[in-house]
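Worksheet: one structure, shown below.
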Amino acid sequence: EEQEEDVLRELRLFLRNLTERLMLDRRFKAFVKPVDIEEVPDYLMVIQKPMDLSTLLSNIDEHKYVTIKEFMSDADLIWQNALEYNPDSDPADRHIRHRACALKDTMRVIVRDELDKDFQRVCEEIRESR
Ligand SMILES: COC(=O)[C@H](Cc1ccco1)c1ccncc1
């Protein structure tokens, strides 16, 4: 019904604002666009579900997410993939893993501090009703 669409519009506004703030953070530059398969030809042999901040933004606009949990499942792929594909002790791998951990923590803190718990529950009810 219309009231449900009002709720989902507000969720999309929150998710776009969160995603855009992450895209503007210099630490997360490597996470803004998909990993370039021409640059990294073995990437898809290691990573089954690539994800990046631009793809998240497109998914939001395509109404893919009805709850914060669904959004976070995709968003978590970004840092999980980075930890998985870059496991070595060399400085470049350690650097991207540090940024991946910063991305994980930053997302969770923003959601904890800025997304109302009752609003999250309303979104879950909408998902369960569909
Ligand atoms: C999320 O980005 C990545 O996983 C790539 C993988 C990669 C390896 C070589 C080129 O790109 C990355 C980018 C920047 N610094 C480290 C690794």
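The values are calculated or read from the model by the stated rules, or taken from the named source; none is laboratory data. Since the structure is predicted, the reported quantities are computational estimates derived from the model, not experimental observations. Backbone-built Cβ (ideal geometry, glycine too); neighbour counts: all protein chains shown. The area values use the complete protein model at the heavy-atom level, side chains included, leaving out ligands, DNA and RNA. Shrake-Rupley method; radii C 1.70, N 1.55, O 1.52, S 1.80 Å.
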- Would you point out the residue of the range 71-123, among those that are charged (D, E, K, R) and surrounded by 15 or more Cβ atoms within 10 Å (Cβ to Cβ), that is nearest to ASP6 (Cα to Cα)? ASP74
- Determine which member of the set SER58, SER54 is within 13 Å of the ligand (Cβ to nearest atom), under 29 Å from ARG130 (Cα atoms) and part of a helix (DSSP H, G or I). SER54
- Task: Go through the residues of the range 28-42 one by one and say whether even a single one is under 15 Å from LEU15 (Cβ atoms) and open to solvent by 80 Å² or more (accessible area, probe 1.4 Å).
- Result: no
- For ARG27, indicate whether it is within 14 Å of ILE126 (Cα to Cα) and at pLDDT 95 or above. no
- Item | Boolean, ILE47 is surrounded by 16 or more Cβ atoms within 10 Å (Cβ to Cβ), touching a helix residue (DSSP H, G or I) at 6+ places or on another chain (Cβ under 8 Å) and in contact (Cβ under 8 Å) with a residue 40 or more places away in the chain | no
